[in-house]
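Quick notes on the structure that follows.
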Amino acid sequence: MTERISSSTLEIKDLDVSFIQGEKEANALRGISLSLKRKEVHSLVGESGSGKTVTSTCIMGLLPPQVARINRGEIFLGEQNILALEEKDQRKIRGKEIAMVFQEPARYLNPTLKVGEQITEMLRLHLGMDKGEAVTRALEILDLVGLDGGKRILGSYPHELSGGMKQRIMIAIAISCDPSFLIADEPTTALDVTLQLQILNLILSLKNRLDMGILFISHDLRVVRDISDWISVIYAGRIVESASKEELFSNPRHPYTRMLFESIPDADKRGKRLKAIPGKVPDAENIPQGCAFHPRCPIAEEICGSNQPETKDVESNSALDSHTAACHLIGKQWKN
Amino acid sequence: MEFLLFIVRRFLRLILTILIISTIIFFVIRVIPGDPALVVAGIDASEDDIQAIRARLGTDVPVAIQYTRWLGDIVRFDFGESMISGASVNKLIMERFPLTLTLAVLGIVLGIIVAIPLGVMSAVHRWSFWDYFGMVYSQMGMAIPSFWLGMILLLVFAVKIPLFPLFGSDSLKNLVLPAIALGFARAAVILRLTRAAMVEELSREYIITARAKGLTDRMIRYKHALRNAMIAVVTVTGIQFGYMLGGAIIVEQVFSLPGLGRLFLYAIYQRDFPLIQGGVVFIAVIFSLVNFAVDILYSLLNPKIRIS
Amino acid sequence: MEKLIELKNIEKVFKSHKLISVKKDDYVAVKNVSLDIEKNTIFGLVGESGCGKTTLARSVMLLDPPGSGEILFNGTNIAALSGKDLKPYRARMQIVFQDPNSALNPKMSVYNCMKEGLVNIRYPRDKIRFRINELLDLVGISPGHAERFPHEFSGGQKQRIVIARALSMEPEFLVLDEPVSNLDVSIQAQIINLLLDLKDEFSLTYLFISHDLNLVSYLSDQVAVMYKGQIVESAETEKIMESPLHPYTLRLFSSAPGQEKNELFEAEEGYSDGLPDGFTYFPPCAESLLRLIDTGDGHKVGCYAFNGS
């Protein structure tokens, strides 16, 4: 059958993307770099409008060409810069090398196609299987994502399945061609809490079985806590801090990350006021000068409003891991 | 089982619709001031003549009895005899119906052949040549009256370039020009709807999934988007077809075709009450049947509808 | 403590509208719910989507009056009132929904949006502008922005405006239905702090509805867990957090993100969707009406496993 590129890394280098609408330009990504290895879960955490979905859309090559402009940057799948590929060749990567799971399975599945068709069409296209082979493989995949019911499920329409089952189907579609990398864009946000855990477990177990690298996109630090190897925090189109999970949770250095942790309500903070982050998330058309976070930062100084901070290595608790942050005032005492 | 139940439910609704429509028809004709018998008989008629006509019309008994008789007629599908020709209303309608049916089928098929591909092209390549072409076409289709188009067609393709016959209704060839005249405007409506539905479907989230799967544009458009867009298109096309079955009065007149439209037109001219009543009920039944068929087709296309 | 709101056996059924139907499709959204909310406290109601918590909220507000049951407001059964008698109570209880976009008319300026309500309660006309400015200031919106339209504000600001509008009625009781779920993480804490401040300042009583257990356990005095239209457990927050009794509560707590649960990762596999363990052990629980048993100190649980023991 077709030979595999079988890449072991997915690397984004200095990606800068704008959306142009008439006179307005929204600089959605302002030089993002991150790398992902197989068998690793790298979480990208940010609020709405921070650029996390633009990042995943760009990796998949699905930015709308009419309005999106890639100003600079590269995305390497192994040795190959996939941004430089023709649409035809990008298509061979989509779904086959890099697959994606979306937030709301109910909307991201075709309502009028049977589930079986939605899985097998990919197998036939990318792997050249015939109908019988594809069905056999689809049944194996259903088993893999923990759906029993086999043929009955293949013959049903999405709306006949529960929310959790639909998300399992989404995942089945994504892993059907045995991709090297999986982008999971808030795959549990639309689900009930008791289902969230199941889906997270499933993604983790599939990662181990299929040796996939996972880029996990979320707005919630708590959700990524259990599954991540590495976490990058994104704010206004830039990665402000990046470290291993243990390091980030025990030793957050960027003021934004610190404040995110402090603002999360839980039972331990009962009776105390939450430390809220003042102000609002900047929109991509009006990103503040200098450090984008400085208007909301309690320790900001003059330099923060004028110069954009470089991403620097910071002291890590563990000697093995690197820990980077983009802040002028990393050494400064954190007022609690 | 689910599906069977759905069909039964829709069928009962169909029966109910027909019952309501025929009741309305019955009372409209009775409520309108003036005695139909007087109208039919004319001013010079004697009291005996009028009485005789009342007897023929069945208006000489109390309304309650008339209504029960009327319902009985509906159930048996028997509308009595034409007051002019004396032939049974059913026979008159059935003589004309095949022609109208053929014309309507030809018209809608022509319409679909033009409209759906053009609508899809317009939606997929927005602001391209095809899109502008589609826009111009749909503007023209809605603006040009069918009688004018019919006459121009006759003038060009029957008189100047005699490709098609000018008169007659016995061969399919006779129906080509009328079908074009009839389908032209319908196609405009279907085209606009197809374009709108495709544009809408192409912006839905499942299209992003399809793209993320690495499917080709062809598969995304025709397998994923078109299938969903068709749900709306089928409904509108069905209703358009229903209208055409009621008889295309103007087109039949222009092409001198002995179809249902002309039959009913003359029935109105001649105040042939049994024929008018029968005709209206017939059209109502046909329309309801088409709707019924559309509902079923719709549910086949849209799996959600069967459950809810 | 004095009770402000008492719900007694609230039930809400949505009737099927099918002409011909083989099976009965009536949907019981809320089943026999009783609960008491004390003055100047926060009552947290937790549950997953479809458990009936929003239906219950709408019933309490008499937006969709309950099919049966009593809603006592300061001892008066407002479910039995109508028209003129009910009107004063409508102002005394207000609701804030999850999505501020659907709560604000996009074609009305913030000022007009707020004026509507004040005119309705016959607030002195010459004082309306002053009052609106005061309210906006209270929730942290610059009164100078009153003439702006909703789309000119961010999500968090819109929710502040919705809260200001609810406060303009001078309510005693606020139902907060997932008021921060649509907001950015960094904004949520602002709104929660605001709600806590307002509660203290105006001695408000809240019914706080959420799927987020961390949030509910942070701010509630009492917590009730709802599942399939029924309250399965309710207690003071500390008690229910320390020793949850009902299997569903346990499951909900162990699923909440951020809880230490690495060892649970294996154990959790194998659940069928939706139906938690406890119910599958004992099928009657899923079908029948639960009877809440008081295990002491107001910790109530509706589970057959606790009957008699």
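Since every read-out is calculated from the coordinates, none of them should be taken as a lab result. Note that the coordinates shown come from a computational prediction; the quantities given were computed from them, not determined experimentally. Glycine gets a Cβ as well: all are built from the backbone with ideal geometry, and neighbour counts include every protein chain shown.
In the range C:137-194, which GluC sites (Glu not before Pro) fall in coil by DSSP and have 16 or fewer other Cβ atoms within 10 Å?
C:Glu147
Within a 10 angstrom radius of the beta carbon, how do C:Leu136, C:Leu118, C:Leu86 rank from fewest other beta carbons to most?
C:Leu86, C:Leu118, C:Leu136
Give me the percent relative contact order of the range A:251-325, please, defined on Cα pairs under 8 angstrom at least 6 residues apart.
Averaging sequence separation for qualifying contacts and normalising by length gives 23 percent for the range A:251-325.
Just to confirm the filter: which chymotrypsin sites (Phe, Trp or Tyr not before Pro) across the range B:96-204 are DSSP coil and have at most 12 other Cβ within 10 angstrom of their Cβ?
Sparse-neighbourhood loop chymotrypsin sites (Phe, Trp or Tyr not before Pro): B:Trp127, B:Phe167.
Cα gyration tensor of the range A:251-325, axes a ≥ b ≥ c as square roots of the eigenvalues: rounded (a/c below 1.5), prolate (a/b > b/c) or oblate?
Oblate.
Ranking C:Val175, B:Val176 by Cβ neighbours within 10 Å, fewest first, what do you get?
Going from least to most buried by this count: B:Val176, C:Val175.
Under Stokes-Einstein, with the Kirkwood radius over Cα pairs standing in for Rh, what whole-number D in µm²/s applies to the range B:98-307 at 25 °C and 0.890 mPa s?
131 µm²/s
Summing -39500 (n - 2.57) over the DSSP H runs of n ≥ 4 in the protein assembly as shown and dividing by its residue number, what mean residue ellipticity at 222 nm do you reach, to the nearest 500 deg cm²/dmol?
-14500 deg cm²/dmol
Which of rounded, prolate, oblate describes the protein assembly as shown, given a ≥ b ≥ c as roots of the alpha-carbon gyration tensor eigenvalues and a/c under 1.5 marking rounded, otherwise prolate only if a/b is larger than b/c?
Prolate is the answer for the protein assembly as shown, as a/c is 1.5 or above and a/b outweighs b/c.
What is the local net charge at A:Pro179, summed over the other residues whose Cβ is closer than 9 Å to its Cβ (Lys, Arg +1; Asp, Glu -1)?
Local net charge: -1.
Give a quick list of chymotrypsin sites (Phe, Trp or Tyr not before Pro) in the range C:149-239 that DSSP marks as loop, anything other than H, G, I, E or B, with at most 16 other Cβ atoms within 10 Å.
Hits after loop and neighbour filter: nothing returned.
Defining a contact as two alpha carbons under 8 Å apart and six or more residues distant in sequence, what relative contact order in percent does the range A:192-336 show?
Relative contact order here is 20 percent.
Where Lys and Arg each count +1 and Asp and Glu each count -1, what net charge lies around C:Ala91 among other residues with Cβ under 10 Å from its Cβ?
+1
Taking only the alpha carbons of chain A, what extent do you get along each of the three principal axes, in Å, biggest first?
The Cα atoms of chain A stretch 67, 49, 43 Å along the principal axes, largest first.
Using the Cβ atoms and a cut-off under 13 Å, what net charge is assigned to the surroundings of C:Leu81, where Lys and Arg are +1 and Asp and Glu are -1?
+2
What list of ³J(HN,Hα) couplings, whole Hz, do you get for the range C:203-216 from phi and the Karplus terms 6.51, -1.76, 1.60, once you set θ to phi - 60° and write x for glycine and proline?
6, 7, 10, 10, 9, 9, 9, 7, 9, 8, 5, 4, 5, 4
Return a whole-number percent for the relative contact order of chain A, with Cα pairs under 8 Å and 6 or more residues apart as the contact set.
Reported as a whole number, the value is 21 percent.
Determine, for C:Cys51, A:Cys297, the number of other Cβ atoms within 10 Å of each Cβ, and report the residues in order from fewest to most.
By the 10 Å Cβ count, ascending: A:Cys297, C:Cys51.
Where in chain A is the longest stretch that carries no trypsin sites (Lys or Arg not before Pro) classed as loop by DSSP and with at most 12 other Cβ atoms within 10 Å?
With trypsin sites (Lys or Arg not before Pro) excluded where exposed in loops, chain A gives A:5-271 as its longest stretch.
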